[in-house]
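The values are calculated or read from the model by the stated rules, or taken from the named source; none is laboratory data. Since the model is a prediction, treat every value here as computed from it, not as a measurement. A quick note on method: Cβ atoms are made from the backbone with ideal geometry, for glycine too, and the neighbour counts reach across all protein chains shown. Surface areas here come from the heavy atoms of the whole protein model, side chains and all, with no ligands, DNA or RNA. Shrake-Rupley method; radii C 1.70, N 1.55, O 1.52, S 1.80 Å.
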Amino acid sequence: MLPILAKLGIDSNWIIKNKLIEVGGDGSDYVDIPLYGSIAAGTPIEMMEVENTHPVPTKVHEMHPDSFLLKVEGNSMNRILPNGCYALIDPCSDVKKDGEPYAVCVNGYDATIKRVKKLANGFQLVPDSTDPTYPVQTYNYNEPGTETITVIGRVVYYVLPFDWSF
C-alpha cells in the first residue's frame, strides 16, 4: 500500500500521524461494549459475571448493535479465538448456520463457545483447536439424561484485552 501512496504524492507518515481514517458517526473509531464475564473454550464452566466494558470498532458495533463481550478461557477454540480474548456475541436463540461459533449454555448455567451443528434432536459442539484432545460433544435429546443446550448468541468478532500477551 505504501508504494501506491508514494505514487499519489501522499506521505504515509502524515497519514499515520494525522490519523486520516473514516470514523464513526460520533467521531469515534471505537465504542465501549459491555463485558459480562467469562466463558469456557474447553470444558463448560459456570459463566462468571463481570460488569465492565471494552472498546470495539464502531463499524463492528453498527453491524451488531445488541452485542456484548465474553472473556474466552481455554484453548478448545484457539484456531479462531485465542485464550484470554474477548469474544463479541450477537444475541440469538437459535443456530442459523451450522458450523459457526456460538456461545451456548449447557444445563442452564455452564457456558462454552464451540462450533455448533444442529442435529435432528439435539446439538453437536465441535472444538476448533490445535490440541486434538478436545472431543466433539454430542447432546442427543433422544437419550435420557441429556443436558439441555441453550444458544446464547453467535460469535461475530473478537478483540484482545489491553494486557493480553503471548
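Asn83 versus (1) more than 14 Å from the chain's Cα centre (by Cα); (2) open to solvent by 70 Å² or more (accessible area, probe 1.4 Å); (3) of a type in the set (S, T, N, Q): which is the lone unmet condition?
(1)
Please determine, by comparing only the residues of segment 110-165 that are part of a loop (DSSP other than H, G, I, E, B) and closer than 17 Å to Lys71 by Cβ, which one is most open to solvent (accessible area, probe 1.4 Å).
The residue in question is Phe162.
In this structure, is Ser76 part of a loop (DSSP other than H, G, I, E, B) and in contact with a Gly (Cβ under 6 Å, 6 or more places away or on another chain)?
Spelling it out, Ser76 is indeed part of a loop (DSSP other than H, G, I, E, B) and in contact with a Gly (Cβ under 6 Å, 6 or more places away or on another chain).
Looking at Val60, is it modelled with pLDDT of 95 or more and either surrounded by fewer than 16 Cβ atoms within 10 Å (Cβ to Cβ) or more than 13 Å from the chain's Cα centre (by Cα) (or both)?
Criteria not met by Val60.
What's the number of the only condition in (1) under 18 Å from Tyr158 (Cβ atoms); (2) buried (at least 18 other Cβ atoms within 10 Å of the Cβ); (3) more than 11 Å from the chain's Cα centre (by Cα) that Gly99 fails to meet?
So Gly99 meets the others, but not (2).
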